[in-house]
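*Asks:* A single structure is presented below for examination.
The values are calculated or read from the model by the stated rules, or taken from the named source; none is laboratory data. Values in this document were obtained by computation on a predicted structure and should not be read as measured data. In this analysis, Cβ positions are derived from the backbone assuming ideal geometry, glycine residues included, and neighbour counts consider all displayed protein chains.
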């Protein structure tokens with residue numbers, strides 16, 4: 001189904017307001033989800049709308065939540081997200097980090113009482129849009145094993161950064177610390193497709209290509225072995241141990257566990273103000289010089305272009321805004337019940 005981004009965003013806003021979310025919170029959430037879809041990262045976009053709505057209805061996320069600063073200093077703050085939908089608490093926290101960085105040169109904001117926040121790259125890009133360097137991360141329910149263990153130990157803890165370039169789009173990396181994001185395994189299971197070897201291992205630690213056994217009887221593998229494990233543990237430290245959020249095995253799954261209970265996710269956002277270190281135009285010149293050197297590197301046989309992190313996603317977004325978002329079948333299937341609950345036809349609502 002190909003839909004206009006504006007239509008999809010309006011559909012999301014209507015669905016979220018239908019269950020009592022305020023208009024500003026509904027629009028914030030919809031913007032995060034639809035932006036993610038325009039990037040082509042469908043595992044973290046509107047596909048999850050129905051799951052968020054179920055948890056909001058059951059009380060595991062609070063419809064009337066009010067994220068607030070509970071402790072702060074000149075360059076840091078601790079935010080209690082009040083069990084808000086993840087997008088609301090996270091955008092609030094990133095705005096605080098931006099303000100801290102503009103005042104002190106650097107800003108760290110840790111978040112507790114949060115929930116699944118979607119694509120980390122959205123929040124990092126908020127900083128880059130204002131000419132600052134942004135970093136975003138969060139912990140999650142354990143779904144990833146670690147070297148030497150059998151079974152899940154840590155979450156697939158995502159990490160994203162965005163660097164302003166002086167042009168329309170920043171350098172943007174958004175990654176899980178597992179071999180791939182868990183959403184890709186779920187998507188393959190929904191479509192009845194096998195997954196590549198090296199994504200998951202079964203309960204005995206043996207490689208598997210069957211996505212349907214995850215997470216019931218399987219674990220994700222960390223990216224690059226011990227390196228992914230180490231980075232995931234750093235993210236756990238900054239987003240949970242330091243913030244008072246639930247740690248590792250104490251985090252609840254936003255999609256599988258009791259929807260009436262808060263999940264306890266943690267998150268962390270860091271922002272660096274380029275102007276505190278050097279004039280912004282000088283920094284952007286250095287970035288452009290580095291980009292040019294990367295692009296001019298000798299290319300392997302058959303390769304016509306070397307991409308920067310995020311470049312493919314920004315080009316997909318431009319195309320999606322121009323020609324519409326081509327929603328995959330599994331996303332349409334997940335949006336259908338949301339439309340039915342509102343008493344509308346999905347195709348008509350998105351026409």
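*Asks:* If a residue has to be part of a loop (DSSP other than H, G, I, E, B) and closer than 16 Å to residue 142 by Cα to count, how many in region 263-296 make the cut?
*Replies:* Taking region 263-296 as the starting set, the residues that turn out to be part of a loop (DSSP other than H, G, I, E, B) are 263-264, 273, 277-279, 296.
Checking which are closer than 16 Å to residue 142 by Cα leaves us with 263-264.
Residues flagged as part of a loop (DSSP other than H, G, I, E, B) and closer than 16 Å to residue 142 by Cα within region 263-296 amount to 2.
*Asks:* Enumerate the strands (runs of 3 or more DSSP E) found wholly within region 82-178, keeping only those where 3 or more residues are over 19 Å from residue 275 (Cα atoms) and not assigned by TED's automatic domain parsing to the domain that holds residue 238.
*Replies:* Working: elements: 106-114, 133-138, 159-163, 171-175.
Where strands (runs of 3 or more DSSP E) fall fully within region 82-178, none carries at least 3 residues being over 19 Å from residue 275 (Cα atoms) and not assigned by TED's automatic domain parsing to the domain that holds residue 238.
*Asks:* Out of 89, 73, which single residue is out of contact with any helix residue (DSSP H, G or I) (no Cβ under 8 Å at 6 or more places or on another chain) and either free of Cβ contacts under 8 Å to residues at least 60 places away in the same chain or surrounded by fewer than 20 Cβ atoms within 10 Å (Cβ to Cβ) (or both)?
*Replies:* Values: 89 fails: either free of Cβ contacts under 8 Å to residues at least 60 places away in the same chain or surrounded by fewer than 20 Cβ atoms within 10 Å (Cβ to Cβ) (or both).
Checking each option against the conditions leaves just 73.
*Asks:* On the given criteria, is residue 272 within 28 Å of residue 70 (Cα to Cα), out of contact with any helix residue (DSSP H, G or I) (no Cβ under 8 Å at 6 or more places or on another chain) and crowded, with 16+ Cβ neighbours inside 10 Å?
*Replies:* On the way: within 28 Å of residue 70 (Cα to Cα): yes; out of contact with any helix residue (DSSP H, G or I) (no Cβ under 8 Å at 6 or more places or on another chain): no; crowded, with 16+ Cβ neighbours inside 10 Å: yes.
Considered against the rule, which asks whether it is within 28 Å of residue 70 (Cα to Cα), out of contact with any helix residue (DSSP H, G or I) (no Cβ under 8 Å at 6 or more places or on another chain) and crowded, with 16+ Cβ neighbours inside 10 Å, residue 272 comes out as no.
*Asks:* Separate question: Would you confirm, using the coordinates I've provided, whether residue 33 is buried (at least 19 other Cβ atoms within 10 Å of the Cβ), at pLDDT 95 or above and not in a helix (DSSP H, G or I)? Lay out the reasoning, then the answer.
*Replies:* Working: buried (at least 19 other Cβ atoms within 10 Å of the Cβ): yes; at pLDDT 95 or above: yes; not in a helix (DSSP H, G or I): no.
It is false that residue 33 is buried (at least 19 other Cβ atoms within 10 Å of the Cβ), at pLDDT 95 or above and not in a helix (DSSP H, G or I).
*Asks:* On to the next question. Only residues that are more than 19 Å from residue 148 (Cβ to Cβ), under 24 Å from the mean Cα position of the chain (by Cα) and surrounded by fewer than 17 Cβ atoms within 10 Å (Cβ to Cβ): list them for region 195-205, please.
*Replies:* 196
*Asks:* Can you tell me which residue in region 232-262 is surrounded by the fewest Cβ atoms within 10 Å (Cβ to Cβ), limited to those that are in contact with a helix residue (DSSP H, G or I) (Cβ under 7 Å, 6 or more places away or on another chain) and assigned to a loop (DSSP other than H, G, I, E, B)?
*Replies:* Within region 232-262, the subset in contact with a helix residue (DSSP H, G or I) (Cβ under 7 Å, 6 or more places away or on another chain) is 236, 245-248, 254-255, 259-260.
Checking the rest, the ones that are also assigned to a loop (DSSP other than H, G, I, E, B) come to 245-247, 254-255, 259-260.
Working: 245: 26, 246: 20, 247: 18, 254: 24, 255: 19, 259: 20, 260: 10.
Restricting to residues being in contact with a helix residue (DSSP H, G or I) (Cβ under 7 Å, 6 or more places away or on another chain) and assigned to a loop (DSSP other than H, G, I, E, B), the top hit is 260.
*Asks:* Is it the case that some residue within region 325-335 is without any contact (Cβ under 8 Å) to a residue 24 or more places away in the chain and surrounded by fewer than 18 Cβ atoms within 10 Å (Cβ to Cβ)?
*Replies:* So the first thing to find is which residues in region 325-335 are without any contact (Cβ under 8 Å) to a residue 24 or more places away in the chain, and the list is none.
No, there is no match, as no residue in region 325-335 is without any contact (Cβ under 8 Å) to a residue 24 or more places away in the chain and surrounded by fewer than 18 Cβ atoms within 10 Å (Cβ to Cβ).
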